[in-house]
Amino acid sequence: MTTQTALIEVRDLTNAFGPQVVHQHLDLDVMRGEILGIVGGSGTGKSVLLRSIVGLQRPTAGSVKVFGENLLDLSPEKRSQVERRFGVLFQSGALFSSLTVLENIALPLIEHAGLSRDEAEGLAVVKLALAGLPESAAYKYPDSLSGGMIKRAALARALALDPEIVFLDEPTAGLDPISAAAFDQLILTLRDALGLTVFLVTHDLDTLYTICDRVAVLSQKRVLVAGDLTTVAATKDAWVHDYFHGPRGRAALQASARLTENN
Amino acid sequence: MTSVALRLDTAVTPAQLFVSGDWTLPHYSQLSRDVARMRPQLDAATGVQLAGLQGLDTSGAALLADLLGAERLIDLAATDPSLNPARQALLNSVGSALRTYCQPEKPKARAGLADVLAHIGVFVASLWERIAALLGFIGLVLETLVRGLFSPRRWRVTSLVSNIEQTGLDAVPIVVLLTFMVGAVVAFLGATVLANFGATIYTVNLVAFAFLREFGVLLTAILMAGRTASAFTAQIGSMKANEEIDAIRTLGLNPIELLVLPRVLALLMSLPILTFLAMISGILGGAVVCLLVLNISPTMYLTILQTIEVQHLLVGLVKAPVFAFLIAVIGCLEGFKVSGSAQSVGEHTTSAVVQSIFVVILLDAVAAMFFMEMGW
């Protein structure tokens with residue numbers, strides 16, 4: 001699946017908020033078609049990295065290129081065109097609370113793809129089905145949805161324009177294990193079906209073991225190591241060791257090993 | 001894109017449908033028209049050739065599902081040799097997702113007139129509930145106030161002082177500026193109308209009476225309703241939406257004592273002071289106009305002012321605490337009514353401002369009649 005072309009190139013990125021330096025000389029590549037998991041302790045700037053890449057946060061220094069373009073240097077029209085090629089699932093969903101689920105998904109279709117309202121809502125129903133939401137959720141408002149349904153609806157909105165990259169910020173946080181596993185499978189299916197590149201910020205070890213092709217560890221203000229799970233888990237670093245070889249890490253490893261055997 | 005995306009060849013049996021071109025989002029409108037045109041001509045026996053297919057994304061796959069049916073699409077994904085694995089997976093996922101899916105039922109939009117009547121009905125029915133809720137809340141606040149009065153340890157002095165700064169001190173410039181200008185306007189009005197009777201000197205009395213009895217307190221209260229009631233609702237409302245109120249409750253604390261009392265007390269102290277400043281400022285505005293337009297010197301102006309009895313000042317000032325209490329209580333109560341969404345915060349903020357201005361003006365009208373009948 002993975003071909004060696006980098007869709008996202010982060011070079012020498014530095015992010016600082018006042019005296020507090022979050023990233024320093026950070027380098028990262030995201031390849032086409034891969035699912036890249038970003039892990040790191042709380043406060044190591046995982047979300048800040050995501051925000052820097054999608055252009056919501058101007059880096060203090062360094063460059064971020066998405067599809068070979070530096071978002072912050074583009075004119076508003078060109079930037080909007082590039083932004084249509086990626087979808088973002090924010091940590092708490094960020095669905096527009098004044099619109100129904102269906103309208104949330106139809107909005108980018110109406111605004112960017114130039115569809116009529118009926119066409120857009122028809123297509124939005126397909127995205128709902130793909131994201132695994134029940135029909136009954138279509139005309140509900142976000143405040144009457146459960147956490148798992150909000151995540152699915154937000155994913156459906158992120159996928160509305162058939163993006164090439166999706167950024168997922170802790171997609172399984174706050175979901176019960178069954179929903180979380182189903183969400184993992186959903187991402188895997190969609191990646192295979194749509195040829196997506198997935199940038200996944202997560203704390204969920206099961207997600208890492210089940211779906212990620214590569215894992216990048218953020219530590220000491222940079223990407224400490226990036227590679228497949230065995231490489232990363234073998235890294236000689238106290239934090240990485242605790243993370244992957246702690247009780248939860250071992251359990252997730254065993255679970256994924258059992259899963260591979262059964263298949 | 002090729003001009004014809006769908007071509008039906010009826011020369012052979014069974015008929016063959018040729019699908020070609022880009023089936024992607026930019027061509028969606030055109031394609032959906034083609035699909036609608038072609039669908040009635042197909043039957044179960046028609047063969048489907050996907051070899052000419054160029055671009056394909058979920059919207060294209062959805063249209064194919066629309067054209068052929070989800071079952072057929074899944075079959076096709078499994079059997080058509082011209083599809084690469086990624087396409088197969090895409091058609092299969094879209095087909096499987098849509099197979100068990102029925103079109104969600106749109107909630108019925110009500111007819112115009114019925115909707116209006118229903119709206120009026122709901123409003124009238126909720127009016128009593130709102131009044132009951134307001135009275136209940138006032139009771140709750142007073143009860144908490146009295147309980148807290150005797151245990152100084154529970155006085156929230158820091159919060160109170162910070163609220164006084166926000167609602168009182170920060171509002172001084174706008175209150176003073178606004179009443180100064182209204183004072184000038186009233187004086188102009190008096191000068192024009194009273195000139196006809198040769199009684200321009202009474203402009204001083206007009207301005208003084210107006211500001212001492214009514215305008216000082218009314219203008220300040222309306223400003224506070226717009227500025228402070230909305231702030232209280234937004235502050236408490238976003239705390240409610242963020243479950244902070246629930247957190248306060250589960251920590252065994254009383255949100256009324258923690259959030260409402262400091263705000264109510266702060267406005268109770270600020271509004272009378274602001275009212276007094278408003279009166280002074282309005283009278284000053286009148287004095288400037290009197291000096292510039294009517295040549296009434298400040299000394300003369302003050303001399304006339306001294307003939308006005310102090311009870312008029314008291315009539316104005318006595319209303320201030322009542323207004324303050326109601327504005328603060330309505331603002332806080334609307335904050336507690338917020339549910340979940342950002343939309344709800346907006347609705348209740350609007351409602352708080354409208355209600356508090358309404359209550360202020362209504363009470364002021366009642367008070368004006370009362371004071372007049374009493375001869376005060």
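The values are calculated or read from the model by the stated rules, or taken from the named source; none is laboratory data. All of these numbers come straight from a predicted model, not from anything done at the bench. Every residue, glycine among them, receives a Cβ derived from its backbone with ideal geometry; neighbour counts consider all protein chains shown. Only protein heavy atoms, including side chains, enter the accessible area calculation; ligands, DNA and RNA are left aside. Shrake-Rupley method; radii C 1.70, N 1.55, O 1.52, S 1.80 Å.
Quick look at the values:
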read-out	value
Average accessible area per residue (Å²) across segment B:132-233 - probe 1.4 Å, nucleic acids and ligands excluded	51
Normalised convex hull volume, segment B:6-99, alpha-carbon set, Å³ per residue	88
For chain A, with +1 on Lys and Arg beta carbons and -1 on Asp and Glu, the positive-most of A:Gln81, A:Ala238, A:Val54 along the dipole	A:Ala238
Assigned charges on the beta-carbon of Lys, Arg, Asp, Glu; the protein assembly as shown dipole about Cα centre (debye)	940
C-alpha long axis of helix B:311-337 to longest principal axis of chain B, angle in °	20
C-alpha long axis of helix B:261-293 to longest principal axis of chain B, angle in °	60
Debye, to nearest 20: dipole size of segment B:6-99, +1 on Lys, Arg Cβ, -1 on Asp, Glu Cβ	120
Chain pair A, B: total accessible area buried, heavy atoms, 1.4 Å probe, Å²	2200
Inter-part distance where segment A:183-233 and segment B:1-58 are each reduced to a Cα centre, Å	38
Global form of chain A, assessed from the alpha-carbon gyration tensor, a/c cut-off 1.5	oblate
Chain B: calculated mean residue ellipticity at 222 nm from DSSP helix runs of at least 4, using -39500 (n - 2.57)	-23000 deg cm²/dmol
Kirkwood-based Rg to Rh ratio, the protein assembly as shown, C-alpha trace	1.12
Cα gyration tensor category, rounded, prolate or oblate, for segment A:172-221 with a/c compared to 1.5	oblate
Partners for A:Lys65 among lysines (Cα-Cα distance below 17 Å; same-chain residues under 8 apart left out)	A:Lys78
Distant-in-sequence amide H partners of A:Thr197 (H built 1.01 Å from N, under 5 Å)	A:Gly33, A:Ile165, A:Val166
Shielding score for B:100-107, defined as the mean number of other chain Cβ atoms within 10 Å	5
Crossing angle, helix B:70-79 versus chain B [Cα axis fit, 0-90 degrees, rounded to tens]	50
Karplus-derived 3J(HN,Hα), 6.51/-1.76/1.60, for each residue of segment B:49-64, Hz, glycine and proline x	10, 9, 4, x, 5, 9, x, 8, 9, 4, 5, x, 4, 5, 5, 4
Relative contact order for chain A, counting Cα pairs under 8 Å that sit 6 or more residues apart, in percent	23
By accessible area with a 1.4 Å probe, ligands and nucleic acids excluded, highest first: order of B:Leu206, B:Leu177	B:Leu177, B:Leu206
Net charge over other residues, Cβ less than 14 angstrom from the Cβ of B:Asp364 (K, R count +1; D, E count -1)	+1
Length gained when the stretch B:Val354-B:Val172 is fully extended (0.36 nm per residue, less Cα-Cα span)	63.3 nm
Residue-averaged beta-carbon neighbours from other chains (10 angstrom radius) around A:187-195	5
Rg to Rh, two decimals, where segment A:221-263 supplies the alpha carbon set and Rh follows Kirkwood	1.05
Selection of trypsin sites (Lys or Arg not before Pro), segment A:161-263, meeting DSSP coil and at most 11 other Cβ within 10 Å	A:Lys236
Fraction of accessible area attributable to carbon and sulfur, the protein assembly as shown (%, probe 1.4 Å)	62
At least 20 Å² accessible surface lost relative to isolated chain, residues of segment A:108-155 (1.4 Å probe)	A:Ala113, A:Leu115, A:Glu119, A:Leu123, A:Val125, A:Val126, A:Ala129, A:Leu130, A:Glu135, A:Tyr139, A:Asp143
Listed residue (A:Ala131, B:Ala367, A:Leu188) projecting farthest to the positive dipole end of the protein assembly as shown, Cβ model	B:Ala367
Amide proton proximity set for A:Leu89, modelled H, under 5 Å, gap of 5+	A:Phe167, A:Leu168, A:Asp169
CD proxy at 222 nm, helix term only [per DSSP H run n ≥ 4: -39500 (n - 2.57); per residue of chain A; nearest 500]	-12500 deg cm²/dmol
Residue-by-residue Karplus 3J(HN,Hα) for segment B:229-241, coefficients 6.51, -1.76, 1.60, Hz, glycine and proline x	4, 5, 5, 4, 4, 5, 5, 5, x, 6, 5, 5, 4
Interchain or long-range residues, amide H under 5 Å from A:Gly62's placed H	A:Thr14
Options A:Ala94, A:Gly114, A:Ser146, ranked by Cα towards positive dipole end of segment A:93-162, top entry (Cβ charges)	A:Ser146
If the convex hull is drawn through the Cα atoms of chain B, its volume per residue in Å³	282
Shielding of A:237-243 by partner chains, average beta-carbon count, 10 Å	0
Simple Cβ-charge dipole of segment B:228-376, Lys/Arg +1 and Asp/Glu -1, about Cα centre, in debye nearest 20	120
Gap separating the Cα centres of segment A:112-129 and segment B:145-166, nearest whole Å	55
Chain A, accessible area per residue, ligands and nucleic acids excluded (1.4 Å, Å²)	43
Segment B:6-99 - share of DSSP beta bridges that are antiparallel (%, nearest 5)	40
Residue-count net charge about A:Leu229 - beta-carbon cut-off 14 Å; Lys, Arg +1, Asp, Glu -1	-3
Beta bridges per DSSP with both ends in chain A, % antiparallel, nearest 5	50
